[in-house]
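Presented below is the structure to which this report refers.
The values are calculated or read from the model by the stated rules, or taken from the named source; none is laboratory data. Remember, predicted model here, so these are calculated numbers, not experimental data. Methodologically, a virtual Cβ is constructed for each residue, glycine included, from the backbone with ideal geometry; neighbour enumeration extends over all protein chains shown. We work out accessible area using only protein heavy atoms, side chains counted, and drop any ligands, DNA or RNA first. Shrake-Rupley method; radii C 1.70, N 1.55, O 1.52, S 1.80 Å.
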Amino acid sequence: MPAVLGFEGSANKIGVGVVRDGKVLANPRRTYVTPPGTGFLPGDTARHHRAVILDLLQEALMEAGLTSQDIDCIAYTKGPGMGAPLVSVAVVARTVAQLWNKPLLGVNHCIGHIEMGRLITGATSPTVLYVSGGNTQVIAYSERRYRIFGETIDIAVGNCLDRFARVLKISNDPSPGYNIEQMAKRGKKLVELPYTVKGMDVSFSGILSFIEDVAQRMLATGECTPEDLCFSLQETVFAMLVEITERAMAHCGSHEALIVGGVGCNMRLQEMMETMCQERGARLFATDERFCIDNGAMIAQAGWEMFRAGHRTPLSESGVTQRYRTDEVEVTWRD
């Protein structure tokens with residue numbers, strides 16, 4: 001019964017999780033929150049992570065009721081993500097692995113989301129919509145790889161939402177996406193925005209540039225409210241995501257869809273995906289904010305799968321990479 005400790009810190013969330021044989025024993029997390037109208041810089045985010053990571057490690061062990069001797073493997077996020085935060089967490093993971101004399105595993109962040117989603121929901125072989133601040137991909141498993149069927153050709157959907165929040169000075173606490181979702185519920189007017197689907201891929205930079213250009217004028221003249229803009233942005237970008245996911249499901253003959261990543265918490269996105277799945281006779285799987293948002297347990301779970309399959313990361317190869325595609329990893333733990 002191997003127990004794996006996972007460190008996640010690829011963006012503004014820092015988490016330490018413990019997983020043993022498909023059970024999440026601990027999953028504490030902290031978030032670096034910046035003032036409204038601003039984003040988070042890599043250096044500042046890394047300093048935040050360094051300040052709290054050892055407390056989180058102790059908290060995770062206490063919550064799990066384990067000691068260092070009970071841990072069989074240390075997993076950490078190798079990438080993709082922001083360079084400085086990734087490095088700050090990887091240094092701690094390497095140090096802990098050496099101090100405790102445990103094997104080390106570098107985990108692909110995207111695969112961590114997928115394996116966590118599969119564990120929590122019980123989905124067997126779903127088409128995956130992975131939506132977050134740094135990534136937007138439609139994925140399906142085939143022949144030992146998580147194949148990317150469609151993706152953003154510029155910025156991620158979460159990045160689009162975050163940068164839109166800065167335009168309207170929407171609070172970053174607990175997250176800009178959550179606050180946009182709440183404001184969108186009060187929106188009544190659908191403002192026409194650019195809708196850009198190119199085959200299986202999507203583009204969000206144009207819609208962001210458009211809304212950055214017109215938002216203040218439309219608000220000043222009373223053409224719409226901030227709530228209307230939140231509503232319109234959500235409806236437009238989520239419709240794009242549903243379209244490419246449905247196309248991938250048709251191509252794969254899939255009867256399951258799984259939403260993972262921080263944006264996957266959005267109830268409106270889940271509602272639109274559920275409608276599409278019902279029309280196709282398919283089933284939708286999604287998780288709540290405990291597991292959708294970046295967390296240590298997802299890295300521990302992917303690490304657990306990799307550890308059982310015989311994977312190990314030598315210290316000489318235990319660096320990080322900001323660009324680490326989902327389909328680069330050979331998935332030896334699935335049939």
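Below are the figures for this structure:
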{"item": "Condition met for ALA75 (touching a Gly at 6+ places or on another chain (Cβ under 7 Å) and crowded, with 21+ Cβ neighbours inside 10 Å)", "result": "yes"}
{"item": "Of all residues in region 246-270 being part of a helix (DSSP H, G or I) and touching a Cys at 6+ places or on another chain (Cβ under 9 Å), the one that is nearest to ILE207 (Cα to Cα)", "result": "VAL263"}
{"item": "Long-range neighbours under 6 Å by Cβ, at least six apart or interchain, first residue touching a residue at least 60 places away in the same chain (Cβ under 8 Å) within region 247-269, second acidic (Asp, Glu) and open to solvent by 30 Å² or more (accessible area, probe 1.4 Å)", "result": "CYS265/GLU289"}
{"item": "Some residue of region 2-13 being open to solvent by 40 Å² or more (accessible area, probe 1.4 Å), over 18 Å from the mean Cα position of the chain (by Cα) and touching a residue at least 60 places away in the same chain (Cβ under 8 Å)", "result": "no"}
{"item": "Verdict on VAL237 being closer than 23 Å to GLN278 by Cβ, within 20 Å of the chain's Cα centre (by Cα), crowded, with 20+ Cβ neighbours inside 10 Å and of a type in the set (A, V, I, L, M, F, W, C)", "result": "yes"}
{"item": "Scan of region 194-214 for residues that are without any contact (Cβ under 8 Å) to a residue 60 or more places away in the chain, buried (at least 18 other Cβ atoms within 10 Å of the Cβ) and either farther than 20 Å from VAL263 by Cα or in contact with a Cys (Cβ under 8 Å, 6 or more places away or on another chain) (or both), ordered by number", "result": "ILE207, LEU208"}
{"item": "Filter pass, ARG217 being at pLDDT 95 or above, surrounded by fewer than 17 Cβ atoms within 10 Å (Cβ to Cβ) and of a type in the set (Lys, Arg)", "result": "yes"}
{"item": "Residues satisfying the stated conditions in region 277-305, i.e. closer than 14 Å to ASP21 by Cβ and open to solvent by 20 Å² or more (accessible area, probe 1.4 Å)", "result": "TRP304, GLU305"}
{"item": "Condition met for ARG308 (at pLDDT 95 or above, in contact with a Cys (Cβ under 9 Å, 6 or more places away or on another chain) and surrounded by fewer than 24 Cβ atoms within 10 Å (Cβ to Cβ))", "result": "no"}
{"item": "Contacts under 6 angstrom Cβ, first residue in region 298-309 being over 12 Å from ILE74 (Cβ atoms), partner surrounded by fewer than 24 Cβ atoms within 10 Å (Cβ to Cβ) and at pLDDT below 95, 6 or more apart", "result": "none"}
{"item": "Verdict on ARG268 being in contact with a Gly (Cβ under 9 Å, 6 or more places away or on another chain), basic (Lys, Arg) and at pLDDT 95 or above", "result": "no"}
{"item": "Residues of region 112-128 satisfying the condition of being crowded, with 24+ Cβ neighbours inside 10 Å and either closer than 16 Å to MET298 by Cα or β-branched (Val, Ile, Thr) (or both)", "result": "GLY112, HIS113, ILE114, GLU115, MET116, GLY117, THR127, VAL128"}
